[in-house]
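First comes the structure, then the notes that go with it.
The values are calculated or read from the model by the stated rules, or taken from the named source; none is laboratory data. As the structure is a prediction and not an experimental result, all values here were calculated from the model. Don't worry about glycine lacking a Cβ; one is built from the backbone with ideal geometry, like all the others, and counts go over all protein chains shown. These area figures cover heavy atoms from the full protein model, side chains too; ligands, DNA and RNA do not enter into them. Shrake-Rupley method; radii C 1.70, N 1.55, O 1.52, S 1.80 Å.
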Amino acid sequence: MCACCIVLLMDGPLQEPKTLQEAVVYFSDPDRCFAYAVKLRWPDGQVVCPRCSTAKHSFIKTRRIWFCYTCKKQFTVKVKTIMEDSPITLDKWMVAFWMLANCKNGISSYELASTIKVTQTTAWFMLQRIREVMKGKKFGKSTKIGGEGNELEADETFIGGVTKNMHKSRRLRADGLGPSRNKTIVQGILDRNLRKVRATVVPNVSRETLQDEILRNVKFGSTIYTDSAVGYESGLQRRFVHDVVNKTEAYVRGRVHTNGMENFWSLLKRSLKGTCVAVEPFHLSRYVDEQVFRYNNRKEGDRKLTNADRLAVLMAQVAGHRLTYSELTGKSDSPNHETTGTGKRNRFRSSPCRSVWICAK
């Protein structure tokens, strides 16, 4: 029944768009856009109720909804996805998914707002929800990377405003924070064999924090290359083959280097400084997930992924995610409700000219 529904809604065979121009034209047709979304959410062609997971239902073509005979409720392609309860039409959602998945330096909410004709606040909320989808599944012990004979790189970076550009009073207060100053810290691990990276925001650069992330994500027996940061000293040798490059002397020593992670950091900072311009620390993890998604979906083995391939990967993850505006902003739906801890900042106030706002303590 599902395949028939899709065929009835389409004017021809389901041809995937290859460029942004083709995507905009393609998704402008509501029927084709709906059929494409159905295909990506249920690749096997078997539509099931997202509430009770049964396939016994009927399709109402005029409204593009299904009626489930088991739970006696109607559902659409948006139900139980990141788009649930959104009044934004599918054609605008699909263009937003396409652009965020394929624009190498990301896309700002202002640019998306002008592209699909929505407000900047709406565009920002849409992008944050798509970034939530880009996070994918949480990594566990069974999904560790590396292994005996595999080479990995581990490195961390500091993201935040330039101290010399601060007001004098703020600069004096930031001087007492040590090397990280007013920065937010992101740690990354790159598997050279898979060409996949994992990155996460960490609270500090202590030995316990940095090595715990490696133990959580890397299989024992792997070969790990790091710089000479104190956090990687003593401890890794017990479970891994650990080698260090001292960047004050040389950036590369044979196969020992972290240039792969440096490449990822350049891509991340280029999108933060050039496209997003101002990112608060408690939102930074989603922007990191966005860049990780694009980096990890450049190739699949020896085959280079196309724009349509990346969209398909992203759309396959939309189910099971939910992010409300109150959760995103740390406020309830009531205008009189006090903010939660999500939006609290430290004593340093943010500035729109900073690439990343001050890390909350």
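Within the range 283-314, which residues are modelled with pLDDT under 90 and in contact with a Phe, Trp or Tyr (Cβ under 9 Å, 6 or more places away or on another chain)? Matches in the range 283-314: none. Restricting attention to the range 225-274, the residues that are closer than 23 Å to Glu111 by Cβ and open to solvent by 40 Å² or more (accessible area, probe 1.4 Å) add up to 5. Could you please let me know if Val47 is modelled with pLDDT of 90 or more, touching a strand residue (DSSP E or B) at 6+ places or on another chain (Cβ under 7 Å) and either among the aliphatic types (A, V, I, L, M) or farther than 21 Å from Arg322 by Cα (or both)? Considered against the rule, which asks whether it is modelled with pLDDT of 90 or more, touching a strand residue (DSSP E or B) at 6+ places or on another chain (Cβ under 7 Å) and either among the aliphatic types (A, V, I, L, M) or farther than 21 Å from Arg322 by Cα (or both), Val47 comes out as yes. When the residues of the range 215-244 are filtered to those that are in a strand (DSSP E or B) and in contact with an Asp or Glu (Cβ under 6 Å, 6 or more places away or on another chain), the one that is farthest from Asn150 (Cα to Cα) is Tyr225. Restricting attention to the range 62-101 and to residues that are part of a strand (DSSP E or B) and among the polar types (S, T, N, Q), the residue that is nearest to the chain's Cα centre (by Cα) turns out to be Thr81. Among the residues that make up the range 275-291, is at least one of them under 16 Å from Ala154 (Cα atoms), of a type outside the set (Phe, Trp, Tyr) and open to solvent by 50 Å² or more (accessible area, probe 1.4 Å)? The answer is no; no qualifying residue exists.
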